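*Asks:* After the structure tokens below, expect a handful of questions from me.
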Amino acid sequence: MVLFLLFILAACTKPLEKEEPTIVVGFSQSGTESSWRKRHTESINEELAKENYQVLYKNGFMNQERQIQDIRTFIAYKVDIIVFTPLKEDGWEPVLKEARDAGIPVIITDRNVNVTDSSLYLTHIGPSFKAEGNRAGLYVYNYFKEKDQKTINIFELKGLASTSPTTLRHEGFSEVIQRDSRMKITQTKSGDYIRLKGKEQMTKLIQSGEINKIDVLFSHNDEMTHGALDALKGSDIQPGKELIIITIDAQEDMILKLKSGDVNAVVECNPNAGWYVRNTISRYLKGNTIPEEVYMPETIFSDQSPLKTIPTRNY
């Protein structure tokens, strides 16, 4: 009986195990301008929740100054790590230096930044935007390869200026279509990745009569493509047939347009960055070396492949 009581006493007086401190992540998103962007945000928040990280989330609402202030708030709060999606490439160096001086590592997701010192951030996680442009260009090249047509005029609907996807998608697309001397980007307009602006630019093209000289629409994202399709409803141009359309993102609503024949090819831009962000943070906390770039897998869906096999999108 005495031994039993001593055992109970020893168990009761055993020191409590020290709890691991909660990791605090400051997450700044550029905005909520599309289903793609909303899914990107959800993916990161969902995955970070699996590790029970405390997430301080801020929406920049397409305003760079607001984002910079949000990041400064994270620094003042002394978060353990900062994750952010930059609205534009330039203008981040001062606040990134502030984060470095505070000893806070930074992970950049989706769009990238233009800085003189890449050590200001831990890594960039996102798509290969140039590869997306390559895939779009390759579809156009293959589509017209066997067609007897003297000129192939392309209308490019670009995204927001001074952003890495806009620059690299254009470069990747242009790189591939140079293989065919008949192909020319005859007009380039900016729609800022917004549906209404995509509609405005296509409406202007239709009203000017220049639409009749265009063979291909290359749009940098699905939202602008939806706007362009809305504008085309008021014209005699049949999308997907008289006007070949290639778009980037692969939202569920655009896959439906592909299946209905209104667009010809949809290049995937993967929004599901959450697992890669969570894995990177976990590896960093364990002291592992982190690569400067983490690219996410992507593909292309087109009318040249079985449409029934396209998996349901979650955005």
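The values are calculated or read from the model by the stated rules, or taken from the named source; none is laboratory data. Predicted model, so just to flag it, every value in this text is computed and none were measured. Neighbour counts run over all protein chains shown; Cβ positions are idealised from the backbone, glycine included. These area figures cover heavy atoms from the full protein model, side chains too; ligands, DNA and RNA do not enter into them. Shrake-Rupley method; radii C 1.70, N 1.55, O 1.52, S 1.80 Å.
*Asks:* May I ask you to say which residue of ARG313, ARG283 is open to solvent by 10 Å² or more (accessible area, probe 1.4 Å) and within 20 Å of THR41 (Cβ to Cβ)? Can you show your working first?
*Replies:* Values: ARG283 fails: within 20 Å of THR41 (Cβ to Cβ).
Answer to the selection: ARG313.
*Asks:* Report, by residue number, each residue of segment 100-139 that is in a loop (DSSP other than H, G, I, E, B) and touching a Gly at 6+ places or on another chain (Cβ under 9 Å). Write out each step before concluding.
*Replies:* To start, the set of residues in segment 100-139 that are in a loop (DSSP other than H, G, I, E, B) comprises 102-105, 110-117, 121-122, 127-128.
Passing the criteria: ILE104, ASP110, ARG111, ASN112, VAL113, ASN114, SER128.
*Asks:* Given the structure, is LYS147 open to solvent by 30 Å² or more (accessible area, probe 1.4 Å) and under 15 Å from the mean Cα position of the chain (by Cα)?
*Replies:* On the way: open to solvent by 30 Å² or more (accessible area, probe 1.4 Å): yes; under 15 Å from the mean Cα position of the chain (by Cα): no.
No; evaluated as a whole, the condition is false for this residue.
*Asks:* Check PRO94 against each of (1) closer than 22 Å to GLY172 by Cα; (2) out of contact with any helix residue (DSSP H, G or I) (no Cβ under 6 Å at 6 or more places or on another chain); (3) part of a helix (DSSP H, G or I); (4) not charged (D, E, K, R) and name the one condition it does not meet.
*Replies:* (1)
*Asks:* Still on this structure, I have one more. Applying the selection to segment 40-81, what residues are open to solvent by 30 Å² or more (accessible area, probe 1.4 Å), over 24 Å from ARG100 (Cβ atoms) and within 19 Å of the chain's Cα centre (by Cα)?
*Replies:* GLU42, ASN45, GLU46, PHE61, MET62
*Asks:* Taking the residues in segment 151-163 that are at pLDDT 95 or above and not hydrophobic (A, V, I, L, M, F, W, C) as candidates, determine which candidate is most open to solvent (accessible area, probe 1.4 Å).
*Replies:* THR151
*Asks:* Considering only segment 179-220, how many residues are open to solvent by 10 Å² or more (accessible area, probe 1.4 Å), among the polar types (S, T, N, Q) and touching a strand residue (DSSP E or B) at 6+ places or on another chain (Cβ under 8 Å)?
*Replies:* So the count comes out to 5.
*Asks:* Which pairs have Cβ atoms under 8 Å, sit 6 or more apart or on different chains, and link a residue in segment 40-56 that is assigned to a loop (DSSP other than H, G, I, E, B) to one that is exposed (fewer than 14 other Cβ atoms within 10 Å of the Cβ)?
*Replies:* Hits for this filter: GLU51/SER282; ASN52/THR22; TYR53/THR22.
*Asks:* Take GLU175 and decide whether it is within 24 Å of ILE248 (Cα to Cα), part of a helix (DSSP H, G or I) and open to solvent by 40 Å² or more (accessible area, probe 1.4 Å).
*Replies:* On the way: within 24 Å of ILE248 (Cα to Cα): yes; part of a helix (DSSP H, G or I): yes; open to solvent by 40 Å² or more (accessible area, probe 1.4 Å): yes.
Judged against the criteria, GLU175 is a match.
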